[in-house]
Amino acid sequence: MIVRKRGLILKGTPASPGFAMGEARVIFKWEQTIEERIIPESHIDSELSRLENAISATLTELEEWRESAGQKIGGPVAKIFDTQMMIAADPEFLKKVREEIKSSCKNAEYVYGMLVEGIIEPLRQSSDSYMRQMVSDIEAVSRRIISHLVGQSETHQVNFPPDCVFVAQEFTPGEVLSLYERHAAAIITSGGSAISHMALIARSLLLPTVVGVPQSILKIKSGDRLVIDGDNGTVTINPPDEEWNELRRKRVKLTTRHISRLQKLPVFPPKTIDGIEIELAANIDLPGPIDEILAEHKIGVGLYRTEFLYLQSGNFPSEDKQFEVYNSVVEKYYPRPVVVRTFDLGSDKYFVGDDSRKENNPALGWRGIRAALDMPKIFKDQLRAILRASVKKNVKILLPMVADTSELSKASRLIKTCMVELYHDGKDFDHDIEIGVMIEVPSAAVASELMARKVSFFSIGSNDLTQYTLAADRDNDRLAKIFNPLHPAVLRLIKISIDAARNNGIPIGVCGEMSGDILAMPLLIGMGINQLSMNPSKLPDACRLVAKIKYKDTIKLADDIIRMTSLKDIEGRLLEFNMSLK
Amino acid sequence: MVQKTVKIANRLGMHARPSAMFVSHASKFQSEISVEKAGLRVNGKSIMGVMMLAAEMGSELIIFAEGEDEEQTVEALANLVSTGFGDLKDL
């Protein structure tokens with residue numbers, strides 16, 4: 001996706017992918033000041049019953065959100081609301097609030113707000129992001145209780161036209177759910193983090209979201225036209241009219257929500273004009289409503305990321321728990337294949353707040369298969385869980401960050417051991433399960449011929465392959481011009497890997513952002529990639545694109561491009577190809 | 001009164017969900033329960049209290065219980081914390 005850089009562009013942290021455009025609605029929640037009043041002793045009882053009413057109203061709301069989240073997203077995510085309900089009903093805390101109301105003779109909202117502040121303030125100071133996340137959980141609840149007390153309607157009760165982009169300092173998980181139900185186009189927050197519960201909900205709902213956009217509530221005014229790129233975390237304010245209209249014309253379908261777009265997905269699998277079927281697949285992480293839609297369209301999973309299991313709890317769930325999660329996903333997609341990638345985490349994720357184990361350069365550090373092989377017990381739990389979910393033979397195992405064939409051999413041995421153990425435990429699994437490697441470290445691409453002999457498939461992780469090949473951190477703004485998967489060097493590594501796969505008769509896919517890029521897709525197809533796995537939000541456009549191209553033309557295109565020496569020429573040729581499509 | 005000192009074992013510390021899990025376990029016992037970290041002592045059946053401890057990985061907690069089932073209470077809760085909240089049930 002190319003958003004031309006005109007108009008004011010703000011950069012934040014991508015929290016939920018997808019592209020959206022719409023009119024801004026800025027919500028100033030923190031303007032709500034709480035009045036301090038003296039309550040005459042004779043009115044204390046009615047003040048206490050006001051408090052009880054506000055709490056039970058809040059509990060009812062949370063219960064409704066929990067149910068709605070359960071239906072739309074699924075059990076695990078809905079548990080966020082269980083925690084919030086516990087906070088709302090905390091008996092010890094409410095006892096303190098009641099006592100303070102009685103002894104100070106102050107109004108309920110004031111006392112409640114003050115006591116909550118006493119709990120939150122020290123947490124705000126914490127250097128640990130997971131601890132600070134608790135502040136959002138508590139505030140989500142206290143704001144509801146207080147607005148019930150002051151009788152103020154909140155964001156989710158006010159009427160908005162559809163396709164608005166909501167901007168606030170922060171939103172609660174419940175608010176995100178309500179905004180989604182009322183056809184929000186996207187969400188922007190000035191605070192928050194990508195690991196917050198609110199971001200988790202937004203991702204599950206495929207609602208494009210950018211968090212941590214500095215000064216967004218000051219720079220964006222209600223009514224501004226916004227273009228949101230949830231993949232890169234950028235927000236463009238008031239792009240020039242012609243650009244806005246062009247985007248609108250081209251992308252008009254993108255302003256309606258992704259799920260409904262997916263439901264209206266064209267014929268799947270798509271065929272090129274000259275009748276070649278192109279295999280598209282989805283990248284997924286959290287279980288969500290998207291699974292049913294994808295399964296209904298018989299779309300398989302080219303990359304099932306499992307890191308969220310760890311990131312959500314800070315723990316590796318047991319084999320049984322993992323089995324439950326994998327199995328439910330695998331069953332949903334049956335008979336389509338699900339490629340499960342084993343944990344791809346690094347020291348920056350494992351040791352949050354533990355400086356002694358901090359690495360200077362986590363991207364080049366102890367991560368992916370390296371970490372997994374160093375923690376065989378944890379790795380085996382995951383492998384056993386994946387194997388147990390493979391009974392119906394629609395599961396494949398994908399190993400991340402493999403840089404050397406010895407890592408592959410070690411992992412394969414571990415998988416064999418797990419199989420033997422499972423066999424002795426009387427547990428069933430797919431004895432012929434396919435094992436593949438990610439081609440994302442340049443050494444793996446260069447030596448792909450050696451790897452191809454030992455595995456059943458390749459999957460190119462174009463994001464990491466690009467960042468490692470060009471030594472350019474993809475999150476570093478200053479390097480944005482350097483980081484580009486279309487660089488001739490990256491394309492050459494991809495070509496080497498494709499040739500190795502072909503020579504050894506194994507399929508090769510791409511599962512990085514590149515595979516969902518409308519410009520890069522024809523090139524990848526022409527180069528001989530067998531499967532393009534992408535964020536589900538990109539699938540509708542990808543299907544349409546495939547139906548517009550001739551396979552024969554893409555081969556010519558790939559041939560031309562692999563000879564080109566500059567990135568500029570390559571991009572120009574791809575753009576020209578794209579423009580020539582009708 | 002029984003007490004036991006434990007170390008937070010899970011890497012992300014006692015954030016929202018481990019706190020919720022601790023409190024829902026604690027609430028199953030009859031005993032009065034309190035938890036102390038670095039001199040700050042809170043009610044072990046209060047999620048707001050437990051969250052307030054902001055107990056990061058490696059920090060020490062003292063769990064106190066008083067009541068008929070105090071032994072089991074302390075044992076069960078200490079076990080929960082030191083095993084890194086076992087299977088976080090919510091995922």
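The values are calculated or read from the model by the stated rules, or taken from the named source; none is laboratory data. Since this is a predicted model, take the numbers as computed values, not measurements. Backbone-built Cβ (ideal geometry, glycine too); neighbour counts: all protein chains shown. Accessible surface is based on the protein model in full, side chains and every heavy atom, while ligands, DNA and RNA are left aside. Shrake-Rupley method; radii C 1.70, N 1.55, O 1.52, S 1.80 Å.
Could you list, in sequence order, all residues of segment A:512-527 that are at pLDDT 95 or above and open to solvent by 10 Å² or more (accessible area, probe 1.4 Å)? Let's see the steps before the verdict.
Taking segment A:512-527 and keeping what is at pLDDT 95 or above, we get A:520-527.
The answer is A:GLY526, A:MET527.
Identification of helices (runs of 4 or more DSSP H) wholly contained in segment A:230-282 with 3 or more residues that are more than 25 Å from A:ALA199 (Cβ to Cβ) and at pLDDT 80 or above yields A:241-250.
So is A:GLY22 under 26 Å from A:SER193 (Cα atoms), open to solvent by less than 20 Å² (accessible area, probe 1.4 Å) and at pLDDT 85 or above or not?
Working: under 26 Å from A:SER193 (Cα atoms): yes; open to solvent by less than 20 Å² (accessible area, probe 1.4 Å): yes; at pLDDT 85 or above: yes.
Yes.
Within the span defined as segment A:557-568, every residue fails to be crowded, with 16+ Cβ neighbours inside 10 Å and within 27 Å of A:ALA186 (Cβ to Cβ). Look at (1) open to solvent by less than 10 Å² (accessible area, probe 1.4 Å); (2) at positive phi; (3) among the aliphatic types (A, V, I, L, M) and you find that A:ALA501 fails only one, number (2).
Results for (1) within 21 Å of A:ALA88 (Cα to Cα); (2) buried (at least 20 other Cβ atoms within 10 Å of the Cβ); (3) more than 7 Å from every other protein chain (Cβ to nearest Cβ); (4) not polar (S, T, N, Q), shown as yes or no for each residue.
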{"position": "B:ASN10", "(1), (2), (3), (4)": "no, yes, no, no"}
{"position": "B:GLY13", "(1), (2), (3), (4)": "no, yes, no, yes"}
{"position": "B:ARG17", "(1), (2), (3), (4)": "yes, yes, no, yes"}
{"position": "B:ILE47", "(1), (2), (3), (4)": "yes, yes, no, yes"}
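Pick from segment A:78-114 the residues that are more than 40 Å from the chain's Cα centre (by Cα) and among the polar types (S, T, N, Q): which of them is surrounded by the most Cβ atoms within 10 Å (Cβ to Cβ)? Selected residue: A:ASN107.
Run down A:SER129, A:SER68 and say which single residue is away from every other protein chain (no Cβ under 14 Å), modelled with pLDDT under 85 and open to solvent by less than 50 Å² (accessible area, probe 1.4 Å).
Details: A:SER129 fails: away from every other protein chain (no Cβ under 14 Å).
Matching residue, one of A:SER129, A:SER68: A:SER68.
The set of residues in segment A:486-505 that are free of Cβ contacts under 8 Å to residues at least 60 places away in the same chain and not polar (S, T, N, Q) comprises A:ALA489, A:VAL490, A:LEU493, A:ILE494, A:ILE496, A:ILE498, A:ASP499, A:ALA500, A:ALA501, A:ARG502, A:GLY505. Taking the criterion of being open to solvent by 40 Å² or more (accessible area, probe 1.4 Å), part of a helix (DSSP H, G or I) and modelled with pLDDT of 80 or more, would at least one residue in segment A:296-314 satisfy it? Yes, some residue in segment A:296-314 is open to solvent by 40 Å² or more (accessible area, probe 1.4 Å), part of a helix (DSSP H, G or I) and modelled with pLDDT of 80 or more. Take A:GLY509 and decide whether it is within 25 Å of the chain's Cα centre (by Cα), of a type in the set (Gly, Ala, Ser) and at pLDDT below 95. So A:GLY509 does not fit the description; no. In the set B:ILE33, B:ILE8, only one residue is in contact with a helix residue (DSSP H, G or I) (Cβ under 9 Å, 6 or more places away or on another chain) and under 19 Å from B:GLU68 (Cβ atoms); that residue is B:ILE33. Restricting segment A:86-114 to residues that are in contact with an Asp or Glu (Cβ under 7 Å, 6 or more places away or on another chain) and within 19 Å of A:SER56 (Cα to Cα), the residue that is farthest from the other protein chains (Cβ to nearest Cβ) is A:ASN107.
The rows are residues; the columns are (1) at pLDDT below 90; (2) open to solvent by less than 60 Å² (accessible area, probe 1.4 Å); (3) within 30 Å of A:ILE217 (Cα to Cα).
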| residue | (1), (2), (3) |
| --- | --- |
| A:THR13 | yes, no, yes |
| A:SER16 | yes, yes, yes |
| A:ILE38 | no, no, no |
| A:ASP45 | no, no, no |
| A:LEU48 | no, yes, no |
| A:ALA54 | no, yes, yes |
| A:ALA57 | no, yes, yes |
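Yes or no, residue by residue, for (1) at pLDDT below 95; (2) within 12 Å of another protein chain (Cβ to nearest Cβ); (3) crowded, with 17+ Cβ neighbours inside 10 Å:
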| residue | (1), (2), (3) |
| --- | --- |
| B:ALA20 | yes, yes, yes |
| B:GLU36 | no, no, yes |
| B:GLY39 | yes, no, no |
| B:ALA54 | yes, yes, yes |
| B:MET57 | yes, yes, yes |
| B:ILE62 | no, no, no |
| B:ALA65 | no, no, yes |
| B:ASN79 | yes, no, no |
| B:ASP87 | yes, yes, yes |
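Against the conditions (1) under 25 Å from A:ALA501 (Cβ atoms); (2) aliphatic (A, V, I, L, M); (3) modelled with pLDDT under 95, A:LEU479 satisfies every one except (1).
Here is a yes/no grid of residues against (1) over 30 Å from A:ILE44 (Cα atoms); (2) open to solvent by less than 10 Å² (accessible area, probe 1.4 Å); (3) under 18 Å from the mean Cα position of the chain (by Cα):
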residue	(1), (2), (3)
A:GLU139	no, no, no
A:LEU149	no, no, no
A:LEU179	yes, yes, no
A:ARG182	yes, no, no
A:ALA186	yes, yes, yes
A:SER193	yes, no, yes
A:HIS197	yes, no, yes
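Of everything in segment A:315-332 that's buried (at least 22 other Cβ atoms within 10 Å of the Cβ) and among the aromatic types (Phe, Trp, Tyr), which residue is nearest to A:VAL437 (Cα to Cα)? The qualifying residue nearest to A:VAL437 (Cα to Cα) is A:TYR326. Does at least one position in segment A:475-484 carry a residue that is more than 28 Å from A:VAL391 (Cβ to Cβ), open to solvent by less than 10 Å² (accessible area, probe 1.4 Å) and within 22 Å of the chain's Cα centre (by Cα)? No, every residue in segment A:475-484 fails to be more than 28 Å from A:VAL391 (Cβ to Cβ), open to solvent by less than 10 Å² (accessible area, probe 1.4 Å) and within 22 Å of the chain's Cα centre (by Cα). Taken over segment A:552-581, the criterion of being over 32 Å from the mean Cα position of the chain (by Cα) and not in a helix (DSSP H, G or I) is satisfied by A:ARG563, A:MET564, A:THR565, A:SER566.
Return yes or no: is A:ALA472 in contact with a Leu (Cβ under 8 Å, 6 or more places away or on another chain), in a loop (DSSP other than H, G, I, E, B), open to solvent by less than 20 Å² (accessible area, probe 1.4 Å) and not hydroxyl-bearing (Ser, Thr, Tyr)? Judged against the criteria, A:ALA472 is a match.
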